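The values are calculated or read from the model by the stated rules, or taken from the named source; none is laboratory data. Because the structure is predicted, anything quoted here is derived from the model rather than measured. In this analysis, Cβ positions are derived from the backbone assuming ideal geometry, glycine residues included, and neighbour counts consider all displayed protein chains.
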Amino acid sequence: MSKSILSALLIGIALSSVGHARETLPPLVNGLAPKTFNELWAGFDPRAEPLDVEVLKEWEEDGIVMKVLRYRIGVFKGKRAMMAAVYGYPKGGKKLPGLVQIHGGGQYAHSNAVFTNAKRGYATISIS
């Protein structure tokens, strides 16, 4: 087999597997949802997949580093699922306590909460 045919074959195999990524969570067994916490997370390894973080915007304000992020939360039905968030922390901070700001309704990240908590010394993420 020539090198060019072998190369084309390997590229074709690689491209065909892109759309068929392994699912993040196992499929339902007999269509039934897990009934316990342990059943739900059995075999799940949150470090098995890359986070694929994209920084969409970054700025500094009053000693606080603020970022708008998009990151991968998993592969579902063969498609990569992404989530957006606002993340902030005191400039130069290391090993900071962290907060996740969970809002009710509206489905948007709130930069004011992130900024306020970062001013208090926390690394904070507000999910969208």
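Some observations on this one:
- Candidate set from segment 84-104 (those that are modelled with pLDDT under 90 and surrounded by 13 or more Cβ atoms within 10 Å (Cβ to Cβ)); member that is nearest to residue 65 (Cα to Cα): 101
- Lone qualifier among 96, 69, 56 - being touching a strand residue (DSSP E or B) at 6+ places or on another chain (Cβ under 6 Å), outside any strand (DSSP E or B) and free of Cβ contacts under 8 Å to residues at least 60 places away in the same chain: 96
- Subset of segment 41-78 [of a type in the set (Phe, Trp, Tyr), at pLDDT 90 or above and surrounded by 11 or more Cβ atoms within 10 Å (Cβ to Cβ)]: 71
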